[in-house]
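The values are calculated or read from the model by the stated rules, or taken from the named source; none is laboratory data. Predicted model, so just to flag it, every value in this text is computed and none were measured. Cβ placement follows ideal geometry from the backbone for every residue including glycine, while neighbour counts extend to all protein chains displayed. What goes into the accessible areas is simple: the full protein's heavy atoms, side chains included, and nothing from ligands, DNA or RNA. Shrake-Rupley method; radii C 1.70, N 1.55, O 1.52, S 1.80 Å.
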Amino acid sequence: MRLSGHRDSIEPLNGDPIKDRATPLPPAPGAGWDDRRLIPIAVAVTSAIFLADLALPLGVGISALYGIVVLLGLFVRRPYFPLWAAAIATVLTILDFPLSTRTEMVWFAVANRVLTLVGIWVTAWLVISYATAGRALNKSLKDLADTNFALNQAAIVAVTDVKGRIQVANDKFCEISKYSRDELLGQDHRIINSGYHPKEFIHDLWQTIGQGRIWRGELRNRAKDGSIYWVDTTIVPFLDDRGKPYQYMAIRYDITERKKSEARLREQTALARLGEMAAVVAHEVKNPLAGIRGALQVIGGRMSDSSRDRAILGEVVTRLDSLNNIVQDLLVFARPRDPRITDVPLADLLESTAALVRKDPAYAPLDIAIRGDRPTIPADPEQLQTVFLNLLLNAAQAAGGTGQVEVDVTCSAEDCRVAIRDNGPGIPAEARERLFEPFFTTKHRGTGLGLPTALGVVERHKGSIDVDSPPEGGTVVTVTLPAGRA
């Protein structure tokens, strides 16, 4: 996907990212000036002008300098200072007129002072207007910065140009995508494309925002480490004077857990139906299979060892056993029982399970090395052995029945981790996402129920299973189980 506006930290227009708090704003008029110093300065300047006006001839327009005092209102934080300054200048200008009678140019002096007073009041009005506009602008900028900060804390935010190149990505975007900001900037959204959505879906998205309309929907993305996450997305086009988009802002919210909950709910619904089907299978298939197998064994027992038909019957019995195993896997998966908790020596259980794997002639050359701690944990030994048997068989098959499978046991006060590593080819990312889906399998023969069944057992033990394909090759499956009783 080419949408590229994820730089997880909203930036102001100058491109500097807003960090822990909103970026400092330009000071309002008067900010940083101390009124306790400015007011005495204004009084001193006013007094000096008044005295100069008394000393100079009446025709000299020295009173116009009162405008300087009014202009100090740009720096004094008190909003009515320009009005007070203009009023005082008016009074002083009028008082000074009759005291200065040393010239015959009275009408000229009157006109001069009237124009001066007009200039003083116009200056006062302009200063008040400018200061009011400045304070309003400063408040608007602060509100914008605070809004950006709040949005940055709550959402995954990105800004892209019209070609989808990421220009802004906030911290939450970097956090969820596992990419640094430098890795995201200049890229488009194909860098986090999971390949899940069809081309028609992406085309509709771009067509919508390209027409200047807001797009809303849910997207599945892939992080740098290959993990998948879902985001509820709103993409807002910013339009120019012609109504054409010049950039896009994408606001996203992580809904990965919600999607997982929805998937679990669907699985539970499917399991309920599967349980009903399993009961029918157990009655209609499993019991007849046992009868057929028994009858074939009786017939085979009556044949001579040299009979060619005896080998055919043996093959049929083998196929029936395979079918019975599939039915048994289905029953175990669809109708799991609660664990019967007892103290289990974990290393002993792993060694006995490894011995079961090596009894198969196909895996006899395989070296299964069990290392690490030897704890005793609360668990159901039968169910736990099913889990490790399944995982060890998968590792043995991945290793081709040769080489080595390493089993490392590490414990802490809270939990025990069993890491099973093989030297096989690893698991492709697209298959890794579906490993625990029922009936999904990469094998030619298999029900796709082994790993889902193992996951169900581990989760009923309040544990977890993680699968990783490290860069050096192979696969590591880590089972985490509680070290003590809850």
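The set of residues from region 282-296 being among the aliphatic types (A, V, I, L, M) and modelled with pLDDT of 70 or more comprises Val285, Leu289, Ala290, Ile292, Ala295, Leu296. Within region 349-359, the set of residues being open to solvent by 60 Å² or more (accessible area, probe 1.4 Å) and free of Cβ contacts under 8 Å to residues at least 12 places away in the same chain comprises Arg358, Lys359. Considering region 311-401, the qualifying strands (runs of 3 or more DSSP E), each wholly inside and each with 1 or more residues that are closer than 22 Å to Val476 by Cβ and among the hydrophobic types (A, V, I, L, M, F, W, C), run over 367-372, 376-379.
Scan region 437-447 and tell me whether some residue there is modelled with pLDDT under 90 and not in a loop (DSSP other than H, G, I, E, B). Checked against the condition, which is being modelled with pLDDT under 90 and not in a loop (DSSP other than H, G, I, E, B), region 437-447 yields no hits at all. Flag: Glu267 does not match the condition of being free of Cβ contacts under 8 Å to residues at least 24 places away in the same chain, over 24 Å from the mean Cα position of the chain (by Cα) and more than 24 Å from Ile156 (Cβ to Cβ).
In contact (Cβ under 8 Å) with a residue 60 or more places away in the chain and either in a helix (DSSP H, G or I) or among the aromatic types (Phe, Trp, Tyr) (or both): does that describe Leu219? When the stated conditions are applied, Leu219 does not pass them.
Restricting attention to region 363-380, the residues that are open to solvent by 50 Å² or more (accessible area, probe 1.4 Å) and more than 20 Å from Val467 (Cβ to Cβ) total 7. Selection of region 183-224 for residues being open to solvent by 80 Å² or more (accessible area, probe 1.4 Å) and either at pLDDT below 90 or farther than 17 Å from Val157 by Cβ (or both) yields Arg190, Tyr196, Lys199, Glu200, His203, Gln207, Gln211, Arg213, Lys224. Of the numbered criteria (1) at pLDDT 70 or above; (2) in contact with a strand residue (DSSP E or B) (Cβ under 8 Å, 6 or more places away or on another chain); (3) open to solvent by 20 Å² or more (accessible area, probe 1.4 Å); (4) not polar (S, T, N, Q), the one Arg432 fails is (1).
With Arg242, Arg181, Arg216, Arg165 as the choices, which residue is under 30 Å from Pro470 (Cβ atoms) and basic (Lys, Arg)? Answer to the check: Arg181.
Please state which one of Thr123, Thr147 is at pLDDT 75 or above and either part of a helix (DSSP H, G or I) or among the hydroxyl-bearing types (Ser, Thr, Tyr) (or both). Only one candidate passes the filter, namely Thr123.
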